[in-house]
Structures are given as structure tokens and as C-alpha cells.
Amino acid sequence: MELLIFVVLLTLGYAVGRWQETRHFASIQRREKQLAGVLAFSTRHPPRDLPCVETHLVCGSTVISVDYFKQFSAALRGLLGGRINAYESLLERARREALLRMKNDAAARGASAVFNVKLETASITKGARNQIGCVEVLAYGTALIATKTG
Amino acid sequence: MEYHNRQPAEGINVSAAHPLVDFLWMLATVAIVIVVLVVAVSALAQKLLPLVPFSVERAIAEQVVTPLWESRTVTPRQARVEMYLQTLAERLITAQPLPEGIAIEVHYADDDRVNAFATLGGHIVICRGLLEKLPDENALAMVIGHEIGHVRFRHPLLAAGRGLVVSLAVAALAGASDATLTNLALNLGGDVVLRKYGRDQERAADAVALRGVVSLYGHTGGSTSLFRVLQTQQNGVESPAWLSSHPVNADRITAVGQLARDEGWQQNGESTALPAF
């Protein structure tokens, strides 16, 4: 019985998780093209020859959870060592989604570039036992908005 | 100055490998490691544990098993039954002497369950439920002989030792991975491997029992009547052999019949009635 529940959860986790991931990646790629006009830079120093600008803090955050299948895969990896592919794709999605939300925020304010972009990650479950792990990825930066009177 | 954000290529951070392929490889590797580990550790335990003197096993039993007997009240009838069971055991031992230092103590439990077992320290327990179901003394001798066989081969000690070692190994692995899921998988895997030893041990004990029955009654009739009782007890429903610690009854009957033919023992004969208590 225990084994049956386990297999059902694993299959469910795999099927739903895989479907969501494929859909999410497609959506990320589409929106990245749409928002290609908003540039993001990690440098703290915007170019001096920029026209007169306003600045605004913009941020985007995502919280993602692993599914049962990914968690079990990662546990096996924990025994054997090596790349945890299951988590790598998940965090890639979270990072790109957070950046997209930040750019959305910037675009809504009429900005065309964000400087000093930083990414932060925080584990929400903090390694608590018997809990599905969750991670928050936060992207933030300073949006430069060209003023019309410039 | 002109600024651009060029989108990096896909697949830098994400592996192209299919997650299921990756998963199955890992599962197979871990499964193989666990099986090898459990088999190796069990084999080591099998080699080393029989070297533990019986007196040590008896001392462990004093702490674990004996308190179970001290607390009960014994009616005169129970005492008579126990005396009879002990005498029957002594007769079986006389026919097939035990290795130096091993002694058997038979207990009669006022319990409805159709069960009998051997435990640490040469203690054998026969439940009332089983005794009431047995048709004759031959079948009872087969039961007691079977449990004596377990004690003779130190099976209770092996089982206790292996259980301890395997649970330690599982705990070590699960601790390293920090996941209850792996723990579950390990438990399931380990269990199936362990039961196999149980079956081999049962076969060995059956052989000892049959030899004892033949030397007491001159034929192997006791085994047939015992297996018939066990079979009706399970209502004809048997779990597959790999899930069960006792070999499927049909297998046991075949094995016992084969042994009787190999040794040239008579398979049928007069059965001895159980005394009235």
C-alpha cells in the first residue's frame, strides 16, 4: 500500500511537473522576445551620455516548489553525486521568470533599461524535514526612465 | 554608445538529458548498491554469528525473552501440556543430538493463534491454537522438530543479528541522503532480500524435523498432516513465495516428499494419537 501511494505520487509528480515545465519554458521564451526592448545590466554605472532620466526601483520575484518526482530524483542524486538536473531546470525557470517580472515592472513605468540588476535566492522551507522544498528568486534593479522634458 | 542584451543560448544551465532516463539510471545504481551491501553484510553475519557461544545467546534471551514467561500464571493443565511438549522435544533431541551446549526449553502459550516459533536462547513456543488444530502426535513432532531445527542452526540469532546490521546500514544510507523517501525505498528493497534467507532456513528446519519424525515413528506421515492443517488454515489463499518468509506450503510438501524419497523413508504409516490432558 505504501509502495502504491509512493508510485502514484511519483507518476503524478512526473507527469504534471513535466507538462508544466514544458509550458513554462515556452512562455518564458515568448515573453523574453516581447520584452527584448527592456535592457538589463549588472553594472552600477549607467553611461554618462544618457539623456536626463528618472530612476525607480523595480523588482520581480518568483516562488517555486519542487514536485515529488524532482524531489525523489534529487534525493537519489544526493546518494550518488553529480548534477541535480531536476533542480537545475527548476531554478533556471525561476531566475528567468523573476527577471521577466522585473522587466515587466520596468516596462510598465516606461523604462527601457534597468541597471545594477541583482538576483537573490532564499530557501523558504530552510531544509525542514518532510516538506516539499520551496525557493524564492528575487530580481531587482534600478530602472532608468527617460523624462520627456529632457 | 549602443547597448544590447543578447539572449544566451538555451540549454546552458539545463541538461538536455531526459529526466526519466536520468532517474532510471540513478534508481538502478542505488538498487544494485543496496542489494550488494545487504547481501555482503548478511553473508558476513551468517559467517560470524554462529561463532557466538550459545551461553551468550542464552544470556541475551534471559533479558529479552524470559520476562515474558515469568509474569504469566500456569494452570495445572498447562503445566501438564508443557511437560508433555518438553518430553517430546527431548525424544526428538535424543534421536538427533544437538551440538554441545545447546539446550531446548519448550513453552506452551495460552494463545488462540495457530502458531509456533523458536526464539533466542533455545526457547520454543507452541500456541494453544496450533495444538488444538493438530490431528496427531506425528504432526506435533514435525512442528517441534522444525523449531528445534531453527535453534540447531542458530536461526533466531542470525535473524536478530541481521535485522540489527541491516537497519544500521539503512540508517547510515538514509542519514547520508537526508530523505525519508530513500528510506522507504531502502526498507522495501531490503525486506524482499531478507525474506529469501527466511525461506532457505525454513527448508533446513523442515529437513531436521522430518529426520526427527522418521526416527520416532518410522515414517514421514507427520509432515503431511501438519501441512494439511496449515493449508486449510490459510483458506487456500497463498501469497507468492517471494513475499512470504515460509515457503509456500505446496513447495514445502514437494521438498519434504523429495527428501523422503531420496532417503528411502516410508511416507505413510500409523499415526500416534495425542494424549488427553
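Odds and ends about this structure:
- Sites A:T125 and A:T147, calculated FRET efficiency, Cβ-Cβ separation with R0 51 Å, nearest 0.05: 0.70
- Extending 7 Å from the Cα toward the beta-carbon at both A:R109 and B:I12 defines two label points whose distance is 2.6 nm.
- Cα extents of the stretch A:45-85 along the three principal axes, largest first (Å): 56, 20, 10
- Taking other C-beta atoms within 10 angstrom as a stand-in for reagent exposure, B:H107, B:H146, B:H18, B:H155 fall in the order B:H18, B:H107, B:H155, B:H146, fewest first.
- Here's the list of aspartates and glutamates a cross-link from A:K103 could span, going by alpha-carbon distance under 19 Å and ignoring same-chain residues fewer than 8 apart: A:E32, A:E54, A:E92, A:E120, A:E136.
- Selection from A:G81, A:H45, A:C59 lying farthest towards where the dipole of chain A points positive, charges on Cβ: A:H45
- Radius of gyration and maximum dimension Dmax of the stretch B:1-76, Cα, Å: 30.3, 107
- Extension gain, A:W19 to A:V7, is 2.5 nm, computed as 0.36 nm per intervening residue step minus the present C-alpha separation.
- Placed amide H near B:D111: partners under 5 Å, 5+ positions off or other chain: B:R128, B:G129
- The stretch B:252-266 - phi-based ³J(HN,Hα) in whole Hz, Karplus 6.51/-1.76/1.60, Gly and Pro as x: 5, 4, 4, 4, 5, x, 4, 4, 4, 5, 4, 8, x, 7, 6
- Shielding value for B:5-11 is 3, the average number of Cβ atoms from other chains within 10 Å of each residue's Cβ.
- In plain terms, the bigger the Kirkwood radius, the slower the diffusion; for the stretch B:88-148, with that radius from Cα pairs, at 37 °C and 0.692 mPa s, Stokes-Einstein puts D at 276 µm²/s.
- According to the Cα-based calculation, Rg over Rh for the stretch A:18-150 is 1.09, with Rh computed by the Kirkwood formula.
- Helix axis angle, A:2-34 relative to chain A longest principal axis, alpha carbon, degrees: 20
- All other residues whose Cβ lies under 12 angstrom from that of B:E105 are scored, Lys and Arg at +1 and Asp and Glu at -1, for a net of -3.
- The three principal axes of the C-alpha atoms in the protein assembly as shown carry coordinate ranges of 116, 40, 36 Å, sorted with the longest axis first.
- Here the dipole of the protein assembly as shown is about 1840 debye; that uses its Cα centre as origin and unit charges on the Cβ of Lys and Arg (positive) and Asp and Glu (negative).
We did not get these values from a lab; they are worked out from the coordinates using the rules stated. Predicted, not measured: the structure shown is a model, and the values here were computed from it. For neighbour counting, all protein chains shown are included, and Cβ atoms are generated from backbone atoms with ideal geometry for every residue, glycine included.
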